[in-house]
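Report on the following structure.
The values are calculated or read from the model by the stated rules, or taken from the named source; none is laboratory data. Quick caveat, the model's predicted, so the values are computed rather than measured. Every residue, glycine among them, receives a Cβ derived from its backbone with ideal geometry; neighbour counts consider all protein chains shown. Protein only, heavy atoms only, side chains kept; ligands, DNA and RNA dropped before computing areas. Shrake-Rupley method; radii C 1.70, N 1.55, O 1.52, S 1.80 Å.
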Amino acid sequence: MTSKTAMRILTAIVALIFLISWIMKSGSGMSDSAFTNVRDGFLVTFAVFLTLSIFSFLYRDNPFYKFAESLYVGISAGYWMCYGFWSTVVGNFVPRASRSLSEFFHVPYQEHADHILIYIPIIFGLILLTRLLPKIGWLSRWSLAFIIGATAGLNLTRYLRSDFISQVSNSFIPLFVDWKGVGDFVNHISLAADGQFIAILSNWVIFVGVMCGLVYFFFSKEHKGAFGVASRVGIWILMVTFGASFGYTVMGRISLLVGRITFLFGDWLNIL
Amino acid sequence: MGLIISAVVIGGGLLWILYLSIKGQDVDRRIVYLFVGATVALAIIFRLEFGEVATPIVKSVFDKIENLPAGSKIVLSYDFDPAMAPEVNPMANAFIRHILEKKHRLFFMSLWATGQSLLSVSLNDVLKPEFPDAKYGVDYCNLGYKAGNEGVLNVVITNFRKMFPSDANGNSLDSLPMFKDVESLKDMDLLISVGGGKPGVKEWVLFAGDPGKIATAGGSAAVSTPLLYPYWPRQLIGLLGGTKGAAEYEAELIKTHPRFKDKGMPALRMMGPQTMAHVVIIAFIVIGNVAYFRSRRKGKQS
């Protein structure tokens, strides 16, 4: 049997299962309206088909996966474009541009808005589309230059303030939290998450981690002796960080799997 | 009973894989996928659940909402898409329940186009049936999505009406009673972003919380959570990281407000399969290392 024939047989089986599922889901619908039941049955069955098509990639690449992937990309692009139109053009431009247009789109007209200023982004937006016309495509660079310049300027100040200065400031933490002497510390020692011992331990981990991490990235001095030890600790801290990130990533992916299997068992098979 | 059946099935399978590995046979990657899938499926079918206790990073968000005076203004931004929804939607729903239970005013918005549709699901499935007395425009409002990423925050930090002439339903903001004393984000008591990409919690800290000196909290997908930890506790008052964070919040919500106990807390339900899957993955790592060290020792001997 050639691979083409096998593919045809597989497609026929998938189509048959799809039809049976659609009929059964439509029949078990809760609505009084037959149309609603048939529509909901189709939507659930189609969602199941797409879920299983994506999962089929775990076995190997195949046309069902390709179809689901292409559909996802296409729908996402169209969805964002439509929302961009309704939220920005209709939501922000129309209420400031024209009373009759506002009435047409059922959005409140803004009488006292800065009507002239809104045409600047409109012009920039239109010339961005000149990329579609090769002869005047160079015009779109003005819009891109504006976008890149404005974003870079905006981000530079905010990242410098919040991601650099504030983070340095956040690293200045007390190494002995609520310290009232060794006796008091020993008497009240506990492993409670909000206790003094854990607070002190956490701050020491942050302090040692930051210092050793910085030492690891200090390349003007050879990593030998005490400096070398600190550098080794730094790389261990980095490894633990990467491990924690990977652990979180695993948790995220499992959550998505749980979500899909819950959908298959609950909405489709009704066994939950 | 479910736990015992799951343990026997999964444990038996793991022992078989350990036996194959020790014998030096390769285990196909598809067996690993199948195993993780079967583990999750068993845990879902048998409804395995484990208790959760809120950690300080989650508890601080909960306490903030719990202790704000009734009528406080809280922004809840839906900055996610369907791919992140299983993880972060439970957080968003828990926030809605808690905020409205405490009689705060809730301002919904979204920096992701997909967020607006997911928000309408939460409104229909959680807010309207569970809080039938909550009035639109008085107790809550939906500003909807605006394109512009952090640029949107840069504008609304000084003026809401410039970026949002109307809400998602086309009503002028001035027509909504809850907007009477609101000019910008600076008038808010708490900002909450639920998301996991860009723009998300980080952008809310950088472009709204920090410059406006407004209390900011977040709920993020697990993948991006480690990158947000450095902002806690000074730039973020708290953070819900992935399903675990959502489950801790739900546990605290049920403990403090028992009426939500029968609302089917999804994150708590997800932690059973999650835990079982983690156990299997750890077992695979151990099996892989045992097989590796055995093969290395055999290599040295020969």
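Data table
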| item | result |
| --- | --- |
| Pick from the stretch A:238-272, criterion loosely packed, with under 14 Cβ neighbours inside 10 Å and β-branched (Val, Ile, Thr), ranking: farthest from the chain's Cα centre (by Cα) | A:271 |
| Count of residues meeting criterion [at negative phi and open to solvent by 20 Å² or more (accessible area, probe 1.4 Å)] in the stretch B:41-53 | 8 |
| Helices (runs of 4 or more DSSP H) lying entirely in the stretch A:76-132 (those with 2 or more residues that are over 24 Å from residue B:174 (Cβ atoms) and of a type in the set (A, V, I, L, M)) | A:119-128 |
| Unmet requirement for residue A:70, which otherwise passes all of (1) at pLDDT 95 or above; (2) within 20 Å of residue A:259 (Cα to Cα) | (2) |
| Unique residue being under 17 Å from the mean Cα position of the chain (by Cα) and within 8 Å of chain A (Cβ to nearest Cβ) when the list is B:223, B:194 | B:223 |
| Qualifying positions in the stretch B:247-266 - more than 9 Å from chain A (Cβ to nearest Cβ) and not charged (D, E, K, R) | B:247, B:249, B:251, B:253, B:254, B:256, B:257, B:258, B:260, B:264, B:265 |
| Only listed residue being within 12 Å of chain A (Cβ to nearest Cβ) and modelled with pLDDT of 90 or more, chosen from B:199, B:177 | B:199 |
| Any hit, the stretch A:204-217, residues being surrounded by fewer than 18 Cβ atoms within 10 Å (Cβ to Cβ), out of contact with any Leu (no Cβ under 9 Å at 6 or more places or on another chain) and farther than 25 Å from residue A:175 by Cβ | no |
| Checklist (1) away from chain B (no Cβ under 13 Å); (2) exposed (fewer than 14 other Cβ atoms within 10 Å of the Cβ); (3) modelled with pLDDT of 90 or more applied to residue A:182, failing item | (3) |
| Residue that is farthest from the other protein chains (Cβ to nearest Cβ) [pool: residues in the stretch A:216-272 that are farther than 30 Å from residue B:88 by Cβ and of a type in the set (Val, Ile, Thr)] | A:229 |
| Residue within the stretch B:87-108 that is among the hydrophobic types (A, V, I, L, M, F, W, C), within 14 Å of chain A (Cβ to nearest Cβ) and open to solvent by 10 Å² or more (accessible area, probe 1.4 Å) present | no |
| Filtered residues of the stretch B:22-35 (kept if modelled with pLDDT of 85 or more and assigned to a helix (DSSP H, G or I)) | B:29, B:30, B:31, B:32, B:33, B:34, B:35 |
| Residue list for the stretch B:261-280, filter: crowded, with 18+ Cβ neighbours inside 10 Å and either hydrophobic (A, V, I, L, M, F, W, C) or touching a Phe, Trp or Tyr at 6+ places or on another chain (Cβ under 7 Å) (or both) | B:265, B:267, B:268, B:270, B:271, B:272, B:276, B:277, B:280 |
| Yes/no for residue A:164 being part of a helix (DSSP H, G or I), of a type in the set (Phe, Trp, Tyr) and in the same structural domain as residue A:231 (by TED's automatic domain parsing) | no |
| Residue under evaluation residue B:186, criteria (1) within 11 Å of chain A (Cβ to nearest Cβ); (2) in contact (Cβ under 8 Å) with a residue 24 or more places away in the chain; (3) surrounded by fewer than 21 Cβ atoms within 10 Å (Cβ to Cβ), criterion not met | (1) |
| Residue identified as open to solvent by less than 50 Å² (accessible area, probe 1.4 Å) and either in contact with a Lys or Arg (Cβ under 6 Å, 6 or more places away or on another chain) or assigned to a loop (DSSP other than H, G, I, E, B) (or both) among A:192, A:199, A:230 | A:192 |
| Every residue from the stretch A:23-60 that is over 16 Å from residue A:263 (Cα atoms) and open to solvent by 80 Å² or more (accessible area, probe 1.4 Å) | A:23, A:24, A:30, A:32, A:35, A:39, A:57, A:59, A:60 |
| Condition met for residue A:77 (touching a residue at least 24 places away in the same chain (Cβ under 8 Å) and under 22 Å from the mean Cα position of the chain (by Cα)) | no |
| Counted residues, the stretch A:61-81 - those being open to solvent by 70 Å² or more (accessible area, probe 1.4 Å) and of a type in the set (A, V, I, L, M) | 3 |
| Selection count, the stretch B:281-297, where residues are surrounded by fewer than 13 Cβ atoms within 10 Å (Cβ to Cβ) and within 13 Å of chain A (Cβ to nearest Cβ) | 2 |
| Residue B:285 out of contact with any helix residue (DSSP H, G or I) (no Cβ under 8 Å at 6 or more places or on another chain) and among the β-branched types (Val, Ile, Thr) | yes |
| Among (1) surrounded by fewer than 16 Cβ atoms within 10 Å (Cβ to Cβ); (2) more than 19 Å from residue B:266 (Cβ to Cβ); (3) within 11 Å of chain A (Cβ to nearest Cβ), the one test that residue B:69 misses | (3) |
| Candidates A:176, A:164 - the one that is more than 10 Å from every other protein chain (Cβ to nearest Cβ), within 30 Å of residue B:152 (Cα to Cα) and open to solvent by 60 Å² or more (accessible area, probe 1.4 Å) | A:164 |
| Residue in the stretch B:139-149 that is closer than 16 Å to residue B:79 by Cα, aliphatic (A, V, I, L, M) and open to solvent by 10 Å² or more (accessible area, probe 1.4 Å) present | yes |
| Of residues in the stretch B:226-282 being part of a loop (DSSP other than H, G, I, E, B) and more than 17 Å from the chain's Cα centre (by Cα), the one farthest from residue A:167 (Cα to Cα) | B:257 |
